[in-house]
Amino acid sequence: EMPVSDYEAACLPELLPLYYRRLFPFSQYYRWLSYGGGELTKNYFQNREFSFTLKDDIYVRYQSFSNQNELEKEIQKVIPYKIDIGAVYSHRPNQHNTVKSGTFQALEKELVFDIDMTDYDDVRRCCSSADICSKCWTLMTIAIHIIDRALRAEDFGFRHLLWVYSGRRGVHCWVCDEAARKLSVAARSAVAEYLTLVKGGEETVKKVQLSDPVHPFIKESLAVVRRYFVEYALVGQDLMGSRESVDKVLALVPDDILYLLQAENSVQRWEQLNSTIQDKQASSKKSYYTEEEIMLQYCYPRLDVNVSKGVNHLLKSPFSVHPKTGRISVPIDLKELDKFNPFDVPTISLICEELDRPRRAEKEEDKVRESDPDREEQRKVRDYKRTSLGKYVKLFDQFVEEMERSQKGELLKRSDLQKDF
Amino acid sequence: MVFKCNEEESFPRKCVSCARFIWTCGLAGITVVSRVFWILSTKVTEDCVCGVDTPQHKHASMQFGGRKMKTIESLQTELYGHCLQLYTQPPLENISLVEFEQFAVDRMKLLKTVENLGVTHIKTSEDYSKKLHAEVSSLNFPHRTEVSSALPSEYEKRRKDHISHFILRLAYCQTEDLRRWFIQQEMDLFRHRFNYLVSKSKSDFLHRNNLQYDTINAEEKNSLMEKLINSSYAFSGCTVEEQDFYKVPFQDALDLVRTRKVFLKDGFAYVPHQDIVTIVLNDFRTTLSKALALTARSLPMVQSDERLQPLLNHLSHAYVGQDYSIQKNIGKISLEQIDLLSTKSFPPCMRQLHKAVRDNHHLRHGGRMQYGLFLKGIGLTLDQALQFWRAEFLKGKVDADKFDKAYAYSIRHMFGKEGKRTDYTPYSCMKVILSNPPSQGDHHGCPFRHSDPELLKQKLQSYKISPGGINQVLELVKGMHYQLACQKYFELTHNIEDAGFSLNHPNQYFNESQKLLTGGKEVKRELESPQRALATQVAKALLATPSRSTHASEETMEDLDSFFQEE
């Protein structure tokens, strides 16, 4: 049984140094951001911008490092409370002041998405603003299913996606394919717009409008939403459970269908609404997508387009700590997506505590070999394996390995095409 | 001259061995025009022809010499293998300065027609296509796809198309306004010509231009049938079956992706044949935009050539219609008539200049030129002109002596009685709008272009134009359609629905007005073509008071977007 470790922001100055020294997976991190480090991505790591938020909210940009060692040393020295990853620039970001004005440019970056629970405040009843609970977390599950599907073979054909829990109230997606990294601002914005169905701010009541023909992408997204709708919206959120809530839903229903509902509970009212819509549809030439529009407005993912658009946009790094909750930004296992529980994500205090626990008897294969040059590395591996962070680092490892395999394959393909005789 | 080489820009450099500009190495005997195009080309080859291989030669322009000449010829044949092209390769050959001018003027005429038709017609309508096609062929540009370039007359047309485009780049790269105009017309022209091609020619074009988009086979199409049908509102089952679908990387079809008007699978957009032109046009616009920016940067070098300088300076202001330099109706107008004529038959620019002369008994140089030449164009004799100006100036502070010495000379000049200037033809609208903007104390220029909209409104009110009419005029001004605004003013003041001509020149305005007012010929009303009717309807809808957004007006709005498309 896992002891509950209370996290307090005040403990960060003590916990962070330990975390950065013994738990942060620098090796995999470096391998990820080097992207093979071959001809094609020669200075990728060196030209990458990082930004740190230090103690007392001091924010520093344009940090860059020559190699893993430099990165480690610097982080262990300045102990950032938060780490952001930016773009790969034309020159080393930490030398950007020496470069002729106009020539220092952001060249490449992963395509990223940020889905934040606060953007759903108008459609969730259980929580608001920075709060989340197991009920509304389903929205994130739905969002990941839909967006992940679209970004992969279904629509955009990307292969290397890393989904990360942001640490408090949302998720991030890092699309790491070469093609994604090279996308222009216009392309990123086009992708984000393609994925956007919920439009409008405070002033807009009806945020989803569908018309014939319904694009295949929307159909597929609806299929995902339907899987969860009854359980999430009707039961969990009790959408049709109170006068106020019902009124909000009915505000999305066109005048000519509006009907007073008398049924017993949420699910029944919903069914009644639907049968009313169906009856109306049967006797009308116009297409009614009211049911679908309501479902989408309550459940479809809401993206922040500005995060995805900019090549130079900075986004929180995986394995960064969230200062308010103490939770680590860990990768999410898509194979177990529906089981993911943000409240199970380890906090920095938990894993540091786990580090201090007395060691179990060491297994043969865990023994350090005297002549092993990677002693430090091996020790680290044993360290995080002993903590709740272990399984997440393993996920990350698998992700990086798969990319490396793919990169090797690409290189072989390319050299085959350029056979020199 | 020493050129600084910026790796991004491929400026030419000085060869360290032969010390000539690398772009001139080996280009002896080629006229300046080709050299000019090569400066502006973004393509570079490796070596200088003098044979020395140093790093500085990296930005050399093309090579000449025996066997390499052949490469050029074969390149050209390649280039002219299709009647349509993307203008990625600049011309490599000699052309004479006479051809230079003729080609430029012809293409100017064509683009002006493209502009005029584009504002008064829906661009996809049959009427638009027919009229534009007629203009293309009458100006001797390539217009028939089945004809092979082996036919000398066809080859000539394609060559003209190629060269004239590049010449106009020189003229239109200079300001943002000009660039925007040029890109818009070239895109519209391209779209028209592409849509005119038969399906096979379209595919041929795509392959020639390395737009290696493959079509999907029947099997794949069947398996995706429903999805393809549902991915765009233009489709039904049969149109999907009938046309080809191309697999285009989604990055090349952003407009369709952004609006979700295309089916995506595994990173590819399945673009129907009818939409492929959008893809090509995007490419065309981006490439042309970059090329124009590059051209603008290189322009100073080109302008330093005295043979080209006067041509280039005037090209973008070139008027390509009647120039009203040969006077008709000489002496048919009496000075006493001018006041009345100015309110009835003068375009606003001349009306305001006339008023300024009467009010101030003076006019500055710019105004004297614009108005003076106009008066010559409507038929005033030299004597009449001298009398007119003298009477007015003397009422001002000018004494007779000064007038005879200074001002009279320049008036005689205008009439070609002094010196041998050929430039003194009455100004066209283009010239008035684009050159010599008025400053404080000036009254020349185009009121629709140069007047503050509020002042313009007041002026129109003082001319007793109806409020509805004033709104129509102001809308056109807002859309930067200055000549159309003037045309609308013509229609309003002459109480007709349709002017029946495309306004290009103040003297044309005058002549058309006189034709209408003095009767003689019955002014034939153009039969309302469906497009005309639609255009009038659409214009009316635009200018009607906006009501609560209904479905109908939303549809109208969509039409209007394409109607008054800027970019």
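Key figures
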| item | result |
| --- | --- |
| Single condition A:V249 does not satisfy, out of (1) open to solvent by less than 10 Å² (accessible area, probe 1.4 Å); (2) part of a helix (DSSP H, G or I); (3) within 22 Å of A:D122 (Cβ to Cβ); (4) within 14 Å of another protein chain (Cβ to nearest Cβ) | (4) |
| Sole exception among (1) of a type outside the set (A, V, I, L, M); (2) in contact with a Gly (Cβ under 9 Å, 6 or more places away or on another chain); (3) assigned to a helix (DSSP H, G or I) for A:Q95, by number | (2) |
| Qualifying residue in the stretch B:270-284 (condition: within 12 Å of chain A (Cβ to nearest Cβ) and closer than 25 Å to A:S189 by Cβ) | yes |
| Residue, modelled with the lowest pLDDT, within the stretch A:169-191, restricted to residues that are closer than 23 Å to A:Q297 by Cα and more than 9 Å from chain B (Cβ to nearest Cβ) | A:R169 |
| Flag for B:A485 being crowded, with 21+ Cβ neighbours inside 10 Å and outside any loop (DSSP other than H, G, I, E, B) | yes |
| Filter result for A:E220 (within 14 Å of chain B (Cβ to nearest Cβ) and either open to solvent by 20 Å² or more (accessible area, probe 1.4 Å) or at pLDDT 85 or above (or both)) | yes |
| Hits in the stretch B:283-295 (condition: open to solvent by less than 30 Å² (accessible area, probe 1.4 Å) and of a type in the set (A, V, I, L, M, F, W, C)) | B:F284, B:L288, B:A291, B:L292, B:L294 |
| Selection count where residues are more than 8 Å from every other protein chain (Cβ to nearest Cβ) and within 23 Å of A:S287 (Cα to Cα), scope the stretch A:196-217 | 13 |
| Candidates A:E8, A:E39, A:E74 - the one that is open to solvent by 70 Å² or more (accessible area, probe 1.4 Å) and either touching a Ser or Thr at 6+ places or on another chain (Cβ under 8 Å) or modelled with pLDDT of 95 or more (or both) | A:E8 |
| Pairs with Cβ under 9 Å, 6+ apart, first in the stretch B:247-268 and at the interface with another protein chain (Cβ under 8 Å from one of its Cβ atoms), second part of a strand (DSSP E or B) and open to solvent by 70 Å² or more (accessible area, probe 1.4 Å) | B:F250/B:F268 |
| Conditions (1) in a loop (DSSP other than H, G, I, E, B); (2) in contact with a helix residue (DSSP H, G or I) (Cβ under 8 Å, 6 or more places away or on another chain); (3) surrounded by fewer than 20 Cβ atoms within 10 Å (Cβ to Cβ); number of the one not met by A:S211 | (2) |
| Filtered residues of the stretch A:321-342 (kept if surrounded by fewer than 21 Cβ atoms within 10 Å (Cβ to Cβ) and either without any contact (Cβ under 8 Å) to a residue 24 or more places away in the chain or within 16 Å of the chain's Cα centre (by Cα) (or both)) | A:D333, A:L334, A:K335, A:E336, A:L337, A:D338, A:K339, A:F340, A:N341 |
| Residue satisfying all of: in the stretch B:200-239; of a type in the set (S, T, Y) and open to solvent by 60 Å² or more (accessible area, probe 1.4 Å); nearest to the chain's Cα centre (by Cα) among these | B:Y233 |
| Sole exception among (1) in a helix (DSSP H, G or I); (2) at pLDDT below 95 for B:L363, by number | (1) |
| From the options A:F52, A:F45, A:F65, residue that is assigned to a loop (DSSP other than H, G, I, E, B) and under 24 Å from the mean Cα position of the chain (by Cα) | A:F45 |
| Qualifying positions in the stretch A:258-286 - open to solvent by less than 50 Å² (accessible area, probe 1.4 Å) and either at pLDDT 65 or above or among the charged types (D, E, K, R) (or both) | A:S266, A:V267, A:R269, A:W270, A:L273, A:N274, A:T276, A:I277, A:S284 |
| Matching option when the condition is within 14 Å of chain A (Cβ to nearest Cβ) and of a type outside the set (A, V, I, L, M), among B:N230, B:N195, B:N210, B:N222 | B:N230 |
| The stretch A:133-157: number of residues that are of a type in the set (D, E, K, R), open to solvent by 40 Å² or more (accessible area, probe 1.4 Å) and in contact (Cβ under 8 Å) with a residue 24 or more places away in the chain | 3 |
| Helices (runs of 4 or more DSSP H) enclosed by the stretch A:308-421 - at least 3 residues per element that are acidic (D, E) and at pLDDT 90 or above | A:390-417 |
| Positions within the stretch B:407-459 being open to solvent by less than 40 Å² (accessible area, probe 1.4 Å) and of a type in the set (D, E, K, R), in sequence order | B:D442 |
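Let's see how each residue does on (1) out of contact with any helix residue (DSSP H, G or I) (no Cβ under 9 Å at 6 or more places or on another chain); (2) among the polar types (S, T, N, Q); (3) touching a residue at least 12 places away in the same chain (Cβ under 8 Å):
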position: A:Y44; (1), (2), (3): no, no, yes
position: A:Y62; (1), (2), (3): no, no, yes
position: A:N67; (1), (2), (3): no, yes, yes
position: A:E70; (1), (2), (3): yes, no, no
position: A:I75; (1), (2), (3): no, no, yes
position: A:D121; (1), (2), (3): yes, no, no
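Results for (1) part of a strand (DSSP E or B); (2) surrounded by fewer than 16 Cβ atoms within 10 Å (Cβ to Cβ); (3) in contact with a Gly (Cβ under 7 Å, 6 or more places away or on another chain), shown as yes or no for each residue.
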| position | (1), (2), (3) |
| --- | --- |
| A:G86 | yes, no, no |
| A:S101 | no, yes, no |
| A:V112 | yes, no, no |
| A:I115 | yes, no, yes |
| A:D119 | no, no, no |
| A:D131 | no, yes, no |
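The values are calculated or read from the model by the stated rules, or taken from the named source; none is laboratory data. All of these numbers come straight from a predicted model, not from anything done at the bench. Don't worry about glycine lacking a Cβ; one is built from the backbone with ideal geometry, like all the others, and counts go over all protein chains shown. Just so you know, the surface numbers come from the protein's heavy atoms only, side chains and all, with ligands and any DNA or RNA stripped out. Shrake-Rupley method; radii C 1.70, N 1.55, O 1.52, S 1.80 Å.
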